[in-house]
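Here's the structure we're looking at; comments come further down.
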Amino acid sequence: MVPEYLKAKALKMANLLWKNAKTKLRAMCDDCSSVAEMRKRIPKNLKKEDWDAFVDIVSKGEDKEVRERMKRARSKLKAAHSTGRRGIAQRRHEMEQESPTSKVLRVDLYLATHVYQEMSEEDRLHFDPLSYEVTSRDYVQKVRELNETDKFRGETDLYKDAVAKVLGRDGRGVVRGFGGGVPKTELRASAVSRELLRKEKLKTATVENLVRNLEETVEDLRALSVSPGTNNANNTQPMNVDDQRVQYVVLRNMCKGAVAFGRIDMSADENDDFYFLVLIDEVVILTEPLCVGEGTLSSVKHGDNILWPKHSVGPWPVVLDADF
């Protein structure tokens with residue numbers, strides 16, 4: 001005896017089980033050439049009187065006519081909708097990537113994932129007016145028509161958009177058009193986090209552009225600093241500092257950082273074992289103290305001569321380190 005409060009659920013479950021089971025039973029009947037052969041092929045776990053009643057239903061001409069009509073109607077349907085195997089969540093992610101604002105309205109997602117094949121009036125007569133094949137197309141058509149009006153176009157409120165107008169408000173923790181398992185409270189609670197994430201992505205993209213521009217600027221400066229004052233690459237060949245053919249040198253401090261660029265003045269006293277007389281072309285670190293005398297490199301101008309320790313003078317080309 002089924003309790004009264006479970007009767008509706010029990011009948012629904014029994015109807016679903018019967019719907020799924022009779023498909024296999026009909027296939028068994030289709031393999032038989034006569035009604036007598038159908039009655040002999042009794043499936044397991046099924047009573048003979050129940051099987052005979054089912055054979056009587058299947059063998060009727062009305063049942064065969066309905067099955068053939070529905071088979072022809074199903075053969076003309078190609079796809080239920082355009083979502084495919086990716087699902088609504090994946091389709092929404094793709095639309096957000098394509099959107100310039102990274103935002104997608106619920107109504108746009110609904111229309112993008114419910115693109116049904118056209119059905120002629122003749123084919124519609126083969127279906128029940130309350131069936132999914134008919135009502136789903138009517139819903140999509142109504143949503144599309146409402147979305148084209150000024151009242152519903154661009155509406156972001158889930159209670160007032162075209163989908164809510166046609167299908168009703170969402171309930172029981174489900175939001176239509178956002179895939180399964182997305183309750184409205186979670187959607188609203190995550191709005192702030194998603195906005196912060198969008199701003200962080202925008203900041204990250206801006207910083208990446210700045211870093212890229214700085215890298216290009218550094219590369220340009222390196223190309224210019226390799227041979228200051230000329231574009232001739234022959235002047236940047238590695239040579240010994242003590243060789244008189246050397247022209248361009250780099251001056252370094254105690255931390256091996258480049259502080260200035262210049263050329264050795266070959267007219268100076270070559271007997272000095274400690275210092276080179278360098279003709280300055282460019283100063284990099286203005287606050288670097290002079291090795292001889294008081295002051296810093298900020299007082300040195302282009303073309304001035306200064307003394308710099310030989311162990312801190314190197315030839316070009318050099319690999320500019322982080323201190324540069």
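A few comments on the model shown:
- Out of Arg69, Arg92, sole residue that is closer than 30 Å to Val140 by Cβ, touching a residue at least 40 places away in the same chain (Cβ under 8 Å) and not assigned by the TED database to the domain that holds Val140: Arg69
- The single condition from (1) in contact with an Asp or Glu (Cβ under 9 Å, 6 or more places away or on another chain); (2) at pLDDT below 85 that Val241 fails is (1).
- Exclusive hit being part of a loop (DSSP other than H, G, I, E, B) and either closer than 30 Å to Glu65 by Cβ or not assigned by the TED database to the domain that holds Asp170 (or both), set Glu118, Glu133, Glu122, Glu155: Glu118
- Scanning segment 105-142 for residues that are under 31 Å from the mean Cα position of the chain (by Cα) and among the polar types (S, T, N, Q) gives Thr113, Gln117, Ser136, Gln141.
- Scanning segment 34-51 for residues that are modelled with pLDDT under 85 and closer than 21 Å to Asp63 by Cβ yields a single hit, Leu46.
- All positions within segment 252-308 that are farther than 23 Å from Leu221 by Cα, outside any loop (DSSP other than H, G, I, E, B) and of a type outside the set (S, T, N, Q): Tyr275, Phe276, Leu277, Pro289, Ile306, Leu307, Trp308
The values are calculated or read from the model by the stated rules, or taken from the named source; none is laboratory data. All values derive from a computational prediction rather than experimental measurement. So basically every Cβ, Gly included, is an ideal-geometry build from the backbone, and we count neighbours across all protein chains shown.
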